[in-house]
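See below for the structure under consideration.
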Amino acid sequence: MSEIHNALAKRILILDGAMGTMLQRHNFTEEDFRGERFKDFPHPLKGNNDLLSLTQPEAIKDVHRQYFAAGADIVETNTFSGTTIGMADYHMEDLVYELNYESARLAKEVANEFTTANPDKPRFVAGSIGPTNRTASMSPDVNDPGYRAVTFDDLRIAYKEQVNALIDGGCDILLVETIFDTLNAKAALFAIEEVKDERNLDIPTMVSGTITDASGRTLSGQTVEAFLISISHIPLLSVGFNCALGADQLKPYLRRLAHNTQFSVSAHPNAGLPNAFGQYDQTPEEMQALIREYLNDNLINIIGGCCGTTPEHIKLIADVATEYSPRKIETTV
């Protein structure tokens, strides 16, 4: 805890870029996803990126190495869908603990390599805790608005298993990210606090929401300020936004966040908005120029990239961040 706080006080910390974007470069086949261990598994597995931590561990470690080499201080584990709820799509609920543990272990192994090589710049691992594919606040059935596909307790139990495994695997931070439904996030944060109490440990927690459209609201309808109020009772390392929007579109919401919180602020936007084919065209140079505006306006303490970003994007973001001091947190009397 003290090490990450010391680092935050000294400089703007760099978060990694997209894991999925990097894995897509491999063009992994169904057989690659299965590996030897799951070659006879009775259900399709292609697309289950979390599984690659077991079947293609060197590819996962290589992604982490590339981001650290580009200047990242923090890499995220390959566990975005690593709950029983997320893994139900692939009939792999029983593997959740192992998937999270191994993903954290792989990332920590690479982090230790870089920290050992340069002890003055410690590297950290953030356990990625995604939103699941179900929402506790809204009905998936327009004809039954009172129906919920998941309960708060379902989410709490699922997140608790993930959190324990991420900690056991060696994570330094827990990152509840891409939050489209704050009630889901509150279940994750409740689970984290339960685990911290049970294990008598204090692990830093980052929270990152998602503004889904030009209305400036999350999918479940909250404004920036409402989202912030909903999670500020938890002692957080940082609060921020990621995904859905590019750096340019995200900036006004990030400004509102930064001006209303005494937490450190994080951002990992997409590389612009997707084109007609779902690809992200924003170049590293274009994204660097937009991130410079964040820095000029004293908006952030932690900066990285989401969909479409690569080590090339992160390197230029890291380069420009060295020219600035961390966001000063204004205290009100």
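No value in this document is a laboratory result; all are computed from the given coordinates. From a predicted model like this one, the values you see are computed outputs, not experimental measurements. Positions of Cβ are generated from backbone atoms using ideal geometry, with glycine treated the same way; all protein chains shown enter the neighbour counts.
Using alpha-carbon pairs under 8 Å, 6+ residues apart, how would you state the relative contact order of the range 209-333 in percent?
After rounding, I find 22 percent.
What is the calculated FRET efficiency for N200 to N6, with r their C-beta to C-beta distance and R₀ = 25 Å, to the nearest 0.05?
FRET efficiency, N200 to N6: 0.65.
Let's test the formula: R0 of 30 Å, r as the Cβ-Cβ distance of D281 and A69. What FRET efficiency results, to the nearest 0.05?
So, using R0 = 30 Å, E works out to roughly 0.80.
GNM on the chain, C-alpha springs below 10 Å: top fluctuator among E323, E76, E312?
E323
What is the set of long-range amide H partners of A136 at a cut-off below 5 Å, with H atoms built 1.01 Å from backbone N?
N184
Looking at the range 243-333, which trypsin sites (Lys or Arg not before Pro) are DSSP coil and have at most 15 other C-beta atoms within 10 Å of their C-beta?
Listed in order of number, the matching sites are K328.
Please list, in order along the range 54-66, the HN-Hα scalar couplings obtained from phi with the Karplus expression 6.51 cos²θ - 1.76 cosθ + 1.60 (θ = phi - 60°), rounded to whole Hz, x for Gly and Pro.
9, 9, 9, x, 5, 5, 5, 4, 5, 4, 4, 4, 4
Return the single residue from F152, F38, F180 with maximal mean-square fluctuation; model: Gaussian network over the chain, springs between Cα atoms under 10 Å.
F38
I want to check the label-to-label distance for S137 and T116. Put each point 7 Å from Cα in the C-beta direction and report it in nm to one decimal.
The modelled label-to-label distance comes out at 4.5 nm.
Taking H as built 1.01 Å from N, whose amide H comes closer than 5 Å to the amide H of T310, not counting residues under 5 places away?
It is A18, by chain and number.
So what's the range 40-184 giving for Rg/Rh, alpha carbon basis, Kirkwood Rh from the mean inverse pair distance?
The Rg/Rh ratio comes out at 1.03.
Antiparallel versus total DSSP beta bridges in the chain: what percent is that, nearest 5?
5 percent
Using modelled amide H (1.01 Å from N, peptide plane; none on Pro or chain starts), what sits under 5 Å from the amide H of F124, excluding residues fewer than 5 places away?
I74, V75
Which ³J(HN,Hα) values in Hz, rounded to whole numbers, follow from the phi angles of the range 273-288 under the Karplus curve 6.51 cos²θ - 1.76 cosθ + 1.60, where θ = phi - 60° and Gly and Pro get x?
Listing the rounded values in order: 9, x, 7, 5, 9, x, 9, 10, 9, 5, 6, x, 5, 5, 5, 4 Hz.
Go through the range 197-214 residue by residue and turn each phi into a ³J(HN,Hα) via Karplus (6.51, -1.76, 1.60, θ = phi - 60°); whole Hz please, and just put x for glycine and proline.
5, 5, 9, 6, 9, 10, 9, x, 10, 9, 10, 9, x, 10, 8, 8, 7, 5
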